[in-house]
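First up is the structure itself, then whatever we jot down about it.
Nothing in this text is a laboratory measurement; each read-out follows from the coordinates by a stated rule. Being a predicted model, the structure only gives us computed values, none of them experimental. Backbone-built Cβ (ideal geometry, glycine too); neighbour counts: all protein chains shown.
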Amino acid sequence: MSLQDDYMIYFRDDDIIVRDMVPDDAGYFAQEEIAQGWNSSEEKYLSHIEDVKNGKAVSLVAVFRGSPAGYINVYPDPASGPFAGKGYPEIVDFGVLVKFRRKGIGSVLMDAAEKVAGRYSDTVCLAVGLHNGYGSAQRMYVKRGYIPDGSGVWYKGKPCTPYDNIYTNDDDLVLFMSKTL
C-alpha cells in the first residue's frame, strides 16, 4: 500500500485502482445508484466514512479508468449478527455499479477486502441478500469459498425462527456466510 493524495492505495493495475473511500464518493455513488433504480442515499456512504474516522471500518472504492465504479467496507469488529464479538471481520455493503460490471472490479474489491480482513483474523464473514437482485453476489461468494454459517436466515438484524412468516423479501432478509482466509 502507498499513500497518495491523502488516501491509501490497496491495488493498482492499468485499469483499476482500489483506494480509501473519500467524502466526494458519497454523493457520486448515491446519485449513480438512484439513476440505475437502486435504493440509495448519500448518508449511507457518509456513515461508512464516519465509521472509518472512528476506527470502526475500512471503506474502499474501486476506480475503473478514472471513474468510481464500486465500493466495499470491512468492519473488523461487527456489532451485530452471528459473528459479533467473535473477532471475525465482516464485509458490509459491497456493490459495483451496473455499467461497470463484468470487468473484474468486484473480484478485485473482494481480494482487497479479504486482505484487509486478514489483518484482523483468519476468518471473514458477510451477509448476502436472498432476493434475485443478489444472485450474482450469491454465486460469487460461493465460488470464492464462502459457506453459510448455520445460523439460518436473518431479518432486520435478528435470526428467523423455524416457520417464521416473512412478509417481504427485501434487502434485510439475509444469509450469513464465512470463509477461512
Problem set entry | Net charge of neighbours whose Cβ lies under 11 Å from the Cβ of residue 39, counting Lys and Arg as +1 and Asp and Glu as -1 | -2
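Mind sorting 166, 105, 72 by how few other Cβ atoms lie within 10 Å of their own Cβ, fewest first? Numbers along the way, then the final one.
Working: 166 12, 105 20, 72 27.
The most exposed by this proxy come first: 166, 105, 72.
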For this session: Rank 88, 45, 120 by mean-square fluctuation in a GNM of the chain with C-alpha springs under 10 angstrom and give only the top-ranked residue.
Result: 120
Seminar exercise, completed: What one gets for the chain as the Kirkwood radius, inverse of mean 1/r over different Cα pairs in Å, is 16.8 Å
Problem set entry | Ranked 160, 125, criterion: other C-beta atoms within 10 Å, fewest first | 160, 125
Exercise. Segment 79-115 to segment 47-61: how many Å between their Cα centroids?
Worked result: 14 Å
